[in-house]
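The values are calculated or read from the model by the stated rules, or taken from the named source; none is laboratory data. Not measured: the values here are computed from a predicted model. Heads up, the Cβs are rebuilt from the backbone with ideal geometry, glycines too, and the neighbour counts pull from every protein chain shown.
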Amino acid sequence: MDQSHTPTENNSKKESERILKRRVRLKAGRAKKAQALASSSAVSKSSPVIPSHIERKHLLQTAFKLALTGGTFIDTKFYAFTRRGLSGVVDTPQAVFANSSILRAACPYFEGLLARGFEEGNIINIDEGYPSDRQSFTEDYDYDSDSDLEEEEEDPEVTESMKVLRMTQADKSHDEEGPSLSEAKGKSTVSDPQDEQIGFKPGRPGRVVHIPDVAHTTLKAFIFYLCTGEVLFRPLKSAPKSEQSPAVQNEIDHRAPPCSPKSMYRLADRYGVQALKDLCFAEIGKQLQPQNIVPELFSEFTSRYPPIRDFELNFITRSNISRVPVVTETLPVWIEAITNGSLPHCNSVLSLLLPRLLANQAQV
């Protein structure tokens, strides 16, 4: 018996299959939307707003108490970059988890960032990995001297041609993966809960925020400070080598994760956390000494912040600091580099320094 089908029968069968698949997708989509709404409701109920007047030392206790009945303590995940490559590209994003109630009570910036209606307010599964449709690097990190970024070590066996190839591959990846992070600088995006119509897997509901221009180390220390009021600073990179080995921490260490006081000052200034900014300012001042005052004074960081600049100008011109051999030997080298145009960000600092040095000489 002939089992062949006519063209009309084949077309009818294909159309039936398409209709069936469409119904399955629509059903899965409705289920996913319902799950997303349920997740959003769960997050709203389990993460009530903690009043901002509560003392910082009580924030963690209050959030934990609410989680005992709400069932959720961690409801927010941040992504930040960890490393600067040899080509200058900043990459390797890692996650930092947090409680949104604490963040919103401790820092007004997060009240707006995590409020409903913002892109970051969308609820998704925070247990999912880094989104495949988002770039995992940036070429537009605006703080070149950020010491909280790990530096990729030079491999002595890497040839110059291999370096060029690596940079070319980074450029190719940049082109293929879509718009650069510079187009979204200052923003943070999340994966849309409705992107995938099939295969939605329930997980921990929450918000995912991408911070493209803050180091992971700084962000982790910042969130720890907001929760506990504690911060631990690393020695400045310009400090003598003997002072650049802070105690190694493991994951169960109770102390705050260490960070650069300069990187943290930058973040505290951006987010308007004055108390933390003051702590960073004091730490930077405490670490200044004749051996590192010149590179610190002419750093990119100092040129950005007038309070830091003025403090360091006063430091180098007070007492006999400007006459210490290590300063008198180092200063001309930096001045020559500035006048040659190698350090354009230092021009204004130098114009303020020279009159003070001349005044000091006149008093001798």
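Of the residues R270, R309, R304, R356, the single one that is over 30 Å from V96 (Cα atoms), basic (K, R) and within 34 Å of the chain's Cα centre (by Cα) is R309. Reported count of residues in segment 229-250, each being among the aliphatic types (A, V, I, L, M) and either modelled with pLDDT under 65 or more than 23 Å from the chain's Cα centre (by Cα) (or both), is 3.
Test L66 against the stated conditions and say whether it is under 20 Å from I54 (Cα atoms), in contact with a strand residue (DSSP E or B) (Cβ under 9 Å, 6 or more places away or on another chain) and in a helix (DSSP H, G or I).
So L66 fails the test.
Can L276 be described as under 25 Å from K241 (Cβ atoms) and either among the hydrophobic types (A, V, I, L, M, F, W, C) or modelled with pLDDT of 95 or more (or both)?
no
Return yes when T328 is in contact (Cβ under 8 Å) with a residue 12 or more places away in the chain and in a helix (DSSP H, G or I) and no when it is not. Show your work before the answer.
Values: in contact (Cβ under 8 Å) with a residue 12 or more places away in the chain: no; in a helix (DSSP H, G or I): yes.
In short, no.
Just one of the listed residues (F311, F301, F281) is among the aromatic types (F, W, Y), outside any loop (DSSP other than H, G, I, E, B) and in contact with a Ser or Thr (Cβ under 8 Å, 6 or more places away or on another chain), and it is F301.
Which residues, taken from segment 60-79, are at pLDDT 85 or above and closer than 23 Å to L276 by Cα? Within segment 60-79, Q61, T62, A63, T76, K77, F78, Y79 meet the criteria.
Out of I102, I54, I74, one residue alone is touching a residue at least 60 places away in the same chain (Cβ under 8 Å) and surrounded by fewer than 18 Cβ atoms within 10 Å (Cβ to Cβ). It is I74.
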